[in-house]
Amino acid sequence: MRIGPYEFGSNLFLSPLAGYTNLPFRLVVREIGGLDWTTTDLVNARSLIEKSPRALQMIRTAPAEQRLAVQLFGAVPEEMRDAALIVESLGIASVDINMGCPVKKVTGIGGGSAMMTELAKTARLVRGMVDAVKIPITAKMRLGWDENNLTAPDLARVLEDTGVAAIFVHGRTRAQGFSGTVNLAGIRAVVAAVKNIPVIGNGDVTTPAAARHMFNETGCAGVSIGRGAFYNPWIFTHTQHYLKTGELRPEAGYRERVHVMRRHLDLMIEVFGEDHGCRLFRKPASWYAKRFGPAKEFKKGITQFGTRAEFEALLVNYETWRAPFLDATGELLPRFQPEPMVASFMLSPEELALRRRESIPVPKGPVDVW
Ligand SMILES: Cc1cc2nc3c(=O)[nH]c(=O)nc-3n(C[C@H](O)[C@H](O)[C@H](O)COP(=O)(O)O)c2cc1C
């Protein structure tokens, strides 16, 4: 896989999830393996220029995190250019431009998916960034504003001519939000539109088989995974293995999950301090628990804990509560095992309607009120 001057082993990417894909989580996933390129959550270009503490916290990285892209959003060309210069001066590998965010706060100022509606204006802004820095600039987009304006192929073509090094595309429109299924034909149209740069497909990949399906159906050069990595931080290494050998590794069991969860909490405390780190960890801890089987007692406990010691105490309490659901070898009895994950685009519409997917919360209601 190549982006600009960088050559790396994995063609799998971690998608940015604002508020979630912070440094501790990115490091945890890299330690598990299968991932060579990560991206920060979206950072307001102006806040970065003004050196707001929050923006500086968001671009914080560590030596283990080579090949990091900082994702910028904004619509003022000079601000986007200057923010890219700051990112470059910090030795960060790349800048990604957010052209997909559907939230009003971002589109209202002409950023995020609003950039997909004015191709010439967007190209001018991007040109200013590409000309100012040596590091590669990439773009993350959706398929378009709505189904009547599927501008992604045209935009991708224009951006390639402007000097963008790669395109990440979430196979939904801005109007779709996170509903409906991912449109693989839409991603394929973006792949067909560019000549030389890699297109990385994204959306609803929750299993190695789904990643392979996306590669096969779209011809994309890479696959980017967001929510699927929170359900299963092993997804990158398992997918790489599956793509190479055709062998599906079993999902990580409870002990392995707890081991990784502890490492994640340690890093949260290291980066954010014990009090704030523990508070921030409440949300990701509940995602680990989604694959624990019965987890009511754990979920109750994590809404309250505030220290490392309290977390350990809640695990002890949970394991006592969980014991009746296990067989003699310590495995979950079959009737308590969670259903296998299946990506939405691998299900028929009927199966999709039947399946109640326990999901990471996404904005709800009509997209216009987000
Ligand atoms: C809570 C949440 C936050 C997100 N934040 C960002 C973001 O900061 N930048 C971005 O480009 N996309 C963001 N996205 C979109 C994801 O990167 C990704 O495109 C989308 O979730 C589909 O991929 P997935 O099904 O693998 O999660 C966000 C999605 C969610 C659910």
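The values are calculated or read from the model by the stated rules, or taken from the named source; none is laboratory data. This one's a predicted model, so the numbers in the text were calculated from it and none came from an experiment. Because the Cβ atoms are built from the backbone with ideal geometry, glycine has one as well, and the counts that use them run over all protein chains shown. Just so you know, the surface numbers come from the protein's heavy atoms only, side chains and all, with ligands and any DNA or RNA stripped out. Shrake-Rupley method; radii C 1.70, N 1.55, O 1.52, S 1.80 Å.
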Contacts under 6 angstrom Cβ, first residue in the stretch 216-227 being modelled with pLDDT of 95 or more, partner small (G, A, S), 6 or more apart
T218/G201; C220/G201; V223/G201; V223/A211; S224/S15; G226/S15
So, in the stretch 219-235, how many residues would count as being among the hydroxyl-bearing types (S, T, Y) and either over 12 Å from the mean Cα position of the chain (by Cα) or part of a helix (DSSP H, G or I) (or both)?
1
Could you tell me which numbered condition I187 fails, if it satisfies all but one of (1) open to solvent by 10 Å² or more (accessible area, probe 1.4 Å); (2) farther than 30 Å from A62 by Cα?
(1)
Selection from the stretch 166-181 of residues that are part of a loop (DSSP other than H, G, I, E, B) and crowded, with 23+ Cβ neighbours inside 10 Å
G171, R172, T173, R174
Is it true that T181 is over 17 Å from A156 (Cα atoms), near the ligand (Cβ under 10 Å from one of its atoms) and hydroxyl-bearing (S, T, Y)?
no
Looking at K140 and the list (1) open to solvent by 10 Å² or more (accessible area, probe 1.4 Å); (2) outside any strand (DSSP E or B); (3) within 16 Å of the ligand (Cβ to nearest atom), which single condition is not satisfied?
(2)
Those residues of the stretch 206-218 which are assigned to a helix (DSSP H, G or I) and either open to solvent by 10 Å² or more (accessible area, probe 1.4 Å) or within 20 Å of V29 (Cβ to Cβ) (or both), in sequence order:
P208, A209, A210, A211, R212, H213, M214, F215, N216, E217
Residue list for the stretch 195-205, restricted to those being open to solvent by 10 Å² or more (accessible area, probe 1.4 Å) and within 14 Å of the ligand (Cβ to nearest atom)
N202, D204
Does the stretch 219-231 contain at least one residue that is open to solvent by 10 Å² or more (accessible area, probe 1.4 Å) and more than 16 Å from the ligand (Cβ to nearest atom)?
yes
Being part of a loop (DSSP other than H, G, I, E, B) and either among the aromatic types (F, W, Y) or open to solvent by 10 Å² or more (accessible area, probe 1.4 Å) (or both) narrows D146, D154 down to just D146
Mind counting the residues in the stretch 230-259 that are under 23 Å from V182 (Cα atoms) and modelled with pLDDT under 95?
3
